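The values are calculated or read from the model by the stated rules, or taken from the named source; none is laboratory data. Everything numeric in this text was worked out from a predicted model, so none of it was measured. As a convention, Cβ positions derive from the backbone with ideal geometry for all residues, glycine included, and neighbour counts pool all protein chains shown. SASA here: full protein model, heavy atoms, side chains in, ligands and nucleic acids out. Shrake-Rupley method; radii C 1.70, N 1.55, O 1.52, S 1.80 Å.
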Amino acid sequence: IALAHDTVDKAVLYIEDAQRLARAEGGNSYEIFSTQILRANLHYENNDLDAASRLLEPALAQIDTINGWVRLYATGFGVAAAIAGSRRGIEAAEQLLRTGEALARERNLPRLLQFLGVARLRERTRAGEWRAATDLMGEPLLADLLSSDSLSPVTLGVQVPALLEAARLMIELGRPHDAQAWLDRINKAFLDEADSRLRFTFRVMAMRAAHGLR
């Protein structure tokens, strides 16, 4: 919550307390695993990619043996893929996303598949693979998510990032009208109460689309 509505520094205070409690339990516990991934996410948000990677690698290596929850898995694989993509290219990102998808299928976690589909769209767009990214939007996983009219916060929590990535792709393709159309589909009531990172990204995409239209 602190990361979503306040600052990274404030979020760090909470995770440091959590890590102290987890270490007191000892061993390779679920608590250790959780705090590693959450702390890695904070390092990623602060652009400290080396520290994020040092925490993520051992956490993801044991992910098959420790149960977590969908958002935790999505954060772990999503952040790891973003770092790998920026440093080693799209194939490195893809390898991590495929590992996450295998876990999602093994444990029957369809929402994790959606989160990873959004991450794949993001990484393909960042890599400049426009055709592959456009094709992804037409596949059932993302097509159904992008077209959903559900008002469920659970669905919107995945759909809004997907719509933002669709808009980003259209802007990169020089299609600001299409980008604006995707932004218009975003549920604004949900967005107003959402993670500040989503609100910030929405405003940036809206400005870029408006600039493109002019």
Exercise for review: When a/c is below 1.5 the answer is rounded, else prolate if a/b is larger than b/c, else oblate, so apply that to the stretch 60-183 with a ≥ b ≥ c taken from the square roots of the Cα gyration tensor eigenvalues.
Suggested key: oblate
Review point. Along the charge dipole of the stretch 56-214, Cβ charges K/R +1 and D/E -1, which of Ala102, Ile171, Ser152 sits furthest on the positive end?
Key: Ile171
Exercise for review: Please give the contour-minus-distance gain from Glu193 to Arg20: 0.36 nm per residue of separation, less the Cα-Cα distance, rounded to one decimal in nm.
Suggested key: 59.2 nm
Check your understanding: How much area per residue is accessible in the stretch 32-185 when the probe is 1.4 Å and only protein heavy atoms are counted (Å²)?
Key -> 45
Practice item. Give me the percent of the accessible area of the stretch 20-143 that comes from carbon and sulfur atoms, probe 1.4 Å, all protein chains in place. Key: 48
Review point. Can you give the helix-only mean residue ellipticity at 222 nm for the chain, where every DSSP H stretch with n ≥ 4 adds -39500 (n - 2.57) and the sum goes over all residues, rounded to the nearest 500 deg cm²/dmol?
Key: -26000 deg cm²/dmol
Review point. If you average 1/r over all unlike Cα pairs in the stretch 116-186 and invert the result, what Kirkwood radius do you get in angstrom?
Key: 11.9
Check your understanding: Relative contact order, percent, of the stretch 107-214 when contacts are C-alpha pairs under 8 Å separated by at least 6 residues?
Key -> 24
Review point. Which whole number in µm²/s is D for the stretch 43-124 by Stokes-Einstein, with the Kirkwood Rh taken over Cα pairs at 37 °C and 0.692 mPa s?
Key: 261
Exercise for review: Name the residue, out of Trp69, Trp130, Trp182, whose mean-square fluctuation peaks in a Gaussian network model built on the chain with Cα pairs under 10 Å.
Suggested key: Trp69
Practice item. Return the Rg/Rh value of the stretch 34-85, two decimal places, where both radii are evaluated on C-alpha atoms and Rh is the Kirkwood radius. Key: 0.93
Exercise for review: With an 8 Å cut-off on Cα pairs and a minimum separation of 6 or more residues, tell me the relative contact order of the stretch 10-93 in percent.
Suggested key: 25
Revision key, fill the gap. quick shape note, the chain: Cα extents on principal axes in Å, largest first -> 57, 34, 33
Revision key, fill the gap. With no solvent term and unit scatterers on the alpha-carbon positions of the stretch 1-102, Debye gives log₁₀ I(q)/I(0) at q = 0.16, 0.20 Å⁻¹ of -0.67, -1.03
Review point. For the chain, what is the relative contact order in percent, using Cα pairs closer than 8 Å and at least 6 residues apart in sequence?
Key: 13
